[in-house]
Every structure is written in structure tokens, then in C-alpha cells.
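The values are calculated or read from the model by the stated rules, or taken from the named source; none is laboratory data. Keep in mind that this is a model prediction, so the values were computed, not measured. Note that we place each Cβ from the backbone using ideal geometry, even for glycine, and neighbour counts take in every protein chain shown.
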Amino acid sequence: MHSKWMILIVAAMGNLVLTVDSGLMPVTYPELASVFNTDTSTILWISVAFWVTTVGLGLTIGWLVDVRDKRSIYTLGFVIFSLALMLAALTSSLWQLILVRIFMGFGSAMILAGVNAIIVDNFHGHERAKAIGLAGAVVGIGLSGGPVFGGFLLDYLDWRSLFYSRIPISIVAAVLSWLVLKKQAGLGGNKLRIEWIGVVSLFAVLASLILIFNRGAQVGWGSPVVLIMIVVLLISIPVLFQYQRRSSRPILDLTLFKVTGYGFGLIVLICHYISLGAIMLLASFFFIDYLGFSATKAGAFIMLYSIMRVFIAPFTGYILRFISPWYLSAIGLILICGSLVWSSFLAVSGSEASIFIALLLIGIGSGIYEPPNTLTIMSSVPPDRYGTASASIASGRQLAFALGVAMCGAINAGREKLYNVGEITQSQYLSLSFSYALLACAIFAGIGLILSFIAASRDRRAKNP
């Protein structure tokens with residue numbers, strides 16, 4: 001029952017539970033906007049509140065995973081998530097649902113901080129690479145299956161089923177976590193105590209960053225909520241650094257960024273996820289409003305990116321024994337960068353088949369890139385920082401998503417102004433907006449590619465001084 005592969009199943013279930021949620025929730029926005037009689041901008045707070053909590057608490061929970069019992073924290077994450085799903089199905093107003101999603105974010109942070117930490121704790125050498133690849137395939141299953149699952153539930157049941165239908169798998173995950181994982185106190189021992197000033201200041205920094213990028217793109221960079229968050233950020237940063245200097249074991253350990261695998265790995269990770277902003281924000285508008293696709297057909301095209309991970313990530317995990325993780329990451333980023341540039345031309349004049357192939361290549365590139373990047377980050381830290389590294393990956397990913405969407409939203413807003421004043425047609429607006437956003441995203445993929453080669457060179461010099 002306690003075999004390594006059962007442990008991998010438990011860790012993969014964390015990926016599945018959370019990625020199904022990520023893939024499913026966007027499908028619910030139109031239905032929930034109708035149910036609660038509000039606009040899409042307000043409905044988006046259902047996801048914003050969830051991710052602000054998850055990212056804001058992620059590194060703190062990662063710290064706890066490192067210094068306390070990993071099994072208890074990971075299992076508690078599933079318990080909280082299950083309870084939140086039940087409460088969400090019972091809500092009667094939008095604000096109740098948003099509050100429940102904040103509560104759900106606590107559980108999400110606990111699960112995310114544990115997933116990769118559990119894998120690297122129990123797998124070593126080539127087995128670790130294969131395990132990370134298989135866990136990455138589950139991410140693809142969740143992200144691609146979430147929209148299909150959500151659409152099915154909305155078609156045949158009601159919006160409450162989006163939540164209560166997922167309770168059984170979350171409860172099963174909690175039970176298996178408790179039974180399969182061994183009780184293992186973190187290497188930091190029980191003498192360490194959380195310094196709440198550090199917790200609050202770190203939460204304020206990360207939460208304000210998410211809100212600035214997210215709401216700035218949605219409601220404007222000069223809106224009250226964005227300006228307030230900028231003030232919160234400016235106040236919180238010096239407080240956080242003051243805490244950092246005096247803490248014996250800080251939650252945000254800046255010395256880790258001096259390690260090539262961790263520091264460069266996170267920066268490259270951020271570049272990668274920023275490069276997906278155009279697909280996340282504008283692809284559906286381009287397919288439906290410009291190309292005239294049905295919602296189902298548009299969803300199938302967009303799903304290509306996620307579903308390719310299912311097939312590519314395990315293979316990538318296997319071949320990591322033959323190729324340097326940095327070079328394998330670079331291969332993935334080359335595919336992403338080149339396909340984004342190609343897609344930017346196709347957005348103006350391209351066939352459906354060409355666009356299909358371009359999206360396919362972006363998905364393949366991402367499936368090649370992610371396992372070696374995760375392996376590099378997780379393997380670069382000491383065992384007593386596995387939870388921190390796992391939480392860093394999740395926090396960096398969501399911050400990058402927010403920045404990528406904000407960047408593409410700003411590009412879209414610029415083209416929209418030209419359309420509104422009559423300088424370009426609606427058709428030109430839709431194609432040019434998507435095209436320029438894809439080019440901007442390609443630049444970040446290119447930056448990640450360059451940094452991967454620099455990191456590979458640094459690692460080579462360190463091994464052969």
C-alpha cells in the first residue's frame with residue numbers, strides 16, 4: 001500500500017483535483033452571471049479570490065510543509081477543499097460563493113505546496129524525472145478534461161453540480177493521502193514558530209501583485225482597486241525585507257535565488273507562463289468572433305494545448321536521463337516561441353489546418369518544457385526546502401498567468417480603441433489584437449530560451465571549474 005507508485009498516485013490526485021477546477025471554472029462564468037444576475041467582470045472574482053488566497057498563502061504553507069508533518073498538511077488540504085465544495089453547492093448568493101472560494105484557496109495552497117515535495121521526497125535519480133513527467137501528464141488531463149466535464153454538468157444538471165460532483169474524488173484523495181503517506185516531521189523540527197508579520201507582509205505583496213495585474217487588465221490601471229493595491233504593495237515590500245533580515249528561517253528565503261537551478265528556473269518558468277497569455281485571454285474571442293467557430297469547436301482547438309501534455313510529459317520525463325534539463329527546456333521553448341511567431345502571422349491570414357498545427361506545436365513545446373523545469377527547481381534545493389520550492393512553482397505560475405493576461409489585455413485594449421474610433425474594422429481589430437499579443441508572448445518565450453542557455457552554461461562551469 002505504501003509503494004512509491006501509490007505515493008505518486010496520491011500526489012497526482014492533488015494535480016488532478018486542482019487542474020480540473022482551473023479548467024472547469026471559466027466554463028461556469030456565463031451561467032453564474034445569469035444565475036446571480038451580474039456581469040462577467042464581477043463573476044471573475046470567483047476565480048480571483050481563489051487564486052489570491054492560494055498564491056498569497058502558498059509560500060507560507062510551503063514553509064509549514066518543510067517544518068511540520070507533510071502528510072497532515074497535505075491531507076488537511078483535501079479535507080478543506082472537500083468541505084468548501086460542499087459549502088459552494090449550498091450558497092445562495094454570489095458573495096457567499098466568493099467567500100467559500102477564499103476558503104477553498106486555503107485547501108488549494110496546502111495541496112500545491114505538497115504535490116512536488118511529496119514526489120521528490122520519495123523518488124530519486126531517473127525515477128524522479130519519470131514521476132514528475134507522469135504527474136505533468138495528469139495536469140494535462142485535468143486542464144483539458146475540466147472544460148468538457150463542466151460543460152456536461154451545465155448541460156444536463158445545474159451550476160451546483162459543478163461543486164458537489166467533485167466532492168467524492170476529493171474525499172478519496174484525503175483518505176488515500178492519510179493511509180499511503182508516512183508521517184514525516186519536517187527537517188526544521190517543531191521549535192520554529194511562524195512570524196506573523198512575515199506571513200502578513202508576504203501575503204500582502206503576492207496578493208496585491210495578483211490583483212494589480214488581474215484587475216488592471218479588467219477594469220483599468222487607474223481604477224481605485226488597482227491604485228489601492230499599488231499602495232499596499234509599496235508599504236508591504238519594505239516590511240517583508242525587514243522581516244527577511246531578522247528571521248532565523250524566513251518564509252521567503254532570498255538566498256535560494258542565488259542557486260542557478262532555483263533562481264533561473266523560476267524566472268524561466270515565469271517567462272513560459274507569460275507566453276501563454278494570448279491563448280488564455282484572446283484565443284476564444286478570435287476563434288468565435290473572427291473565425292466564426294462554435295463554442296465547442298473553439299474549445300476543442302484551445303484544448304489542444306492542454307491535452308498534449310498527457311502524451312508528451314511522460315515521454316519527456318523518460319528522456320531526461322539522456323539530455324540536460326536545461327537543454328530539454330530550451331527545446332520546448334524553441335517550439336513555443338517559433339509556433340507563437342508563426343501563429344501571429346496565421347492570425348491575420350491562415351487556414352484552420354495551419355492554426356490547428358500551430359496550437360499543437362505550442363502544446364508539445366509546453367509538454368517538453370515543464371517536466372525538466374520542475375525537476376530543475378525541485379532538485380536544486382535542500383530537502384528541508386522542498387515544500388518552499390513546490391509552493392514557489394505554483395505561485396510563480398499564477399503570477400505569470402496574471403501578468404501574461406494583463407499584457408495581452410492591454411494590447412487588446414489598444415486595438416479596441418482604434419476600432420471604436422473607426423480607424424480599423426472589427427475584423428482587423430480581432431485579428432490584429434490576437435496577432436500582436438502572440439508576438440509579445442513569443443518575446444517572453446525567447447527570453448526564457450536565452451536564460452535557459454545561460455543557466456546551462458553556468459551549471460557547466462560550476463561542474464568543470
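Taking the stated definitions as given, is F345 aromatic (F, W, Y), within 15 Å of G367 (Cβ to Cβ), touching a helix residue (DSSP H, G or I) at 6+ places or on another chain (Cβ under 9 Å) and at pLDDT 85 or above?
no
Among the listed residues F311, F285, identify the single one that is surrounded by fewer than 16 Cβ atoms within 10 Å (Cβ to Cβ) and under 23 Å from G367 (Cβ atoms).
Numbers: F285 fails: under 23 Å from G367 (Cβ atoms).
Residue meeting the stated conditions: F311.
Return yes when L418 is modelled with pLDDT of 80 or more and touching a helix residue (DSSP H, G or I) at 6+ places or on another chain (Cβ under 8 Å) and no when it is not.
No.
Here are A406, A410, A389, A347: which of them is under 30 Å from W221 (Cα atoms) and surrounded by 24 or more Cβ atoms within 10 Å (Cβ to Cβ)?
Every option except A347 fails the conditions.
Within 23 Å of G142 (Cα to Cα), outside the structural domain of Y243 (by TED's automatic domain parsing) and free of Cβ contacts under 8 Å to residues at least 60 places away in the same chain: does that describe W45? Explain how you work it out, then say what you get.
Details: within 23 Å of G142 (Cα to Cα): yes; outside the structural domain of Y243 (by TED's automatic domain parsing): yes; free of Cβ contacts under 8 Å to residues at least 60 places away in the same chain: yes.
So W45 passes the test.
Which of the residues that make up region 353-385 are farther than 23 Å from G140 by Cα and part of a helix (DSSP H, G or I)?
If the condition is that a residue be farther than 23 Å from G140 by Cα and part of a helix (DSSP H, G or I), then P383, D384, R385 are the ones that fit.
Say whether the condition of being at pLDDT 85 or above and buried (at least 21 other Cβ atoms within 10 Å of the Cβ) is met by at least one residue in region 21-44.
Looking for residues that are at pLDDT 85 or above and buried (at least 21 other Cβ atoms within 10 Å of the Cβ), one finds at least one in region 21-44, hence yes.
Return the residues of region 7-58 that are among the small types (G, A, S) and under 21 Å from L87 (Cα atoms); say none if nothing qualifies.
Within region 7-58, G14, S22, G23, A33, S34, S47, A49 meet the criteria.
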